[in-house]
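Here it is, the structure in full.
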Amino acid sequence: MPIKAMKTALPWLGIALLAGILWAWSENPFGVSRSQLEEDARTEQRVAADWIMAGETGNQLSAMIFYPEDQGRHIFSVYAKNSGLSFGYFFRAGGSLGNVITDYIARYQEKGECAYLSMNASRVCRAVTAQGETIPIDSGKPFVLVLPDTEEVLFYDAAGVAVDCYPI
């Protein structure tokens, strides 16, 4: 290739390379780091800064519920790690599920883990795993649990009544 042609093509190659890098950066091909999950969810779902967050992150899955102090509304976000070359978490689901998250427990399963999300109107006070482990839950607050999906988990209110889970 003659030098004059290289001088003409080189700037265009640089521009194309820069455009490719900027596009890849905007698509976030590496995921959101664990420390940036809440900020990303608040930004992407337009969650008010004064809303409270209940959340938990496992090895492969992260889930959050955002709600105002009066607990009258909610927005949830679920992130999971991708296979292959990724270093963070990727958005999977979000929004509001009305009565499912308000009155019951929503269950999201992926990558060997389950996320359980609830605004806790049912006043759940404990979760019991198939192995007999009891996980205490504050019955007056929304909750999120991320657990391995290798075992069944049952949720109970203070009277010992089981509270239903619904897949999302």
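Just give me the residues in region 108-156 being open to solvent by 30 Å² or more (accessible area, probe 1.4 Å) and in contact with a Ser or Thr (Cβ under 6 Å, 6 or more places away or on another chain), in sequence order.
Correct list: ALA121, ARG123, CYS125, ARG126, VAL128, GLU151.
Here's another thing I want to ask about it. Any residue in region 120-139 that is over 21 Å from LEU97 (Cα atoms) sitting within a Cβ distance under 7 Å of a residue that is open to solvent by 70 Å² or more (accessible area, probe 1.4 Å) and among the polar types (S, T, N, Q)? List the pairs, counting only those 6 or more apart or interchain.
Pairs found: ARG126/THR134; VAL128/THR134.
Here's a follow-up. Assess whether ARG92 counts as being on the phi > 0 side of the Ramachandran plot and without any contact (Cβ under 8 Å) to a residue 60 or more places away in the chain.
No; evaluated as a whole, the condition is false for this residue.
As an exercise: evaluate THR150 against (1) assigned to a strand (DSSP E or B); (2) more than 17 Å from the chain's Cα centre (by Cα); (3) of a type outside the set (A, V, I, L, M, F, W, C) and give the number of the one condition it does not meet.
Here THR150 clears every test but (1).
Could you give me the residue pairs with C-beta distances under 6 Å whose first residue belongs to region 58-74 and is within 17 Å of SER96 (Cα to Cα) and in contact (Cβ under 8 Å) with a residue 40 or more places away in the chain, whose second residue is outside any loop (DSSP other than H, G, I, E, B) and aromatic (Phe, Trp, Tyr) wherever it lies, and which are 6+ apart or on separate chains?
SER62/TYR79; SER62/TYR89; ILE65/PHE76; HIS74/TYR67
Ok, one more. Six or more apart or on different chains, Cβ under 7 Å: which pairs go from a residue in region 35-50 that's loosely packed, with under 10 Cβ neighbours inside 10 Å and part of a helix (DSSP H, G or I) to one that's at pLDDT 90 or above and basic (Lys, Arg)? Could you list them?
Taking only residues 6 or more apart or on different chains, not a single pair turns up.
Would you say ALA54 is at pLDDT below 65, of a type in the set (A, V, I, L, M, F, W, C) and either surrounded by 14 or more Cβ atoms within 10 Å (Cβ to Cβ) or out of contact with any Phe, Trp or Tyr (no Cβ under 6 Å at 6 or more places or on another chain) (or both)?
The answer is no for ALA54.
Considering each residue of region 101-120, count those that are of a type in the set (Val, Ile, Thr) and either closer than 19 Å to PRO148 by Cβ or part of a loop (DSSP other than H, G, I, E, B) (or both), and give that number.
The number of residues fulfilling the criteria is 1.
Scan region 81-100 residue by residue and report those that are open to solvent by 70 Å² or more (accessible area, probe 1.4 Å), under 21 Å from VAL47 (Cα atoms) and assigned to a loop (DSSP other than H, G, I, E, B).
SER96
The values are calculated or read from the model by the stated rules, or taken from the named source; none is laboratory data. Computed from a predicted model, the values in this text were never measured in an experiment. Note that we place each Cβ from the backbone using ideal geometry, even for glycine, and neighbour counts take in every protein chain shown. We work out accessible area using only protein heavy atoms, side chains counted, and drop any ligands, DNA or RNA first. Shrake-Rupley method; radii C 1.70, N 1.55, O 1.52, S 1.80 Å.
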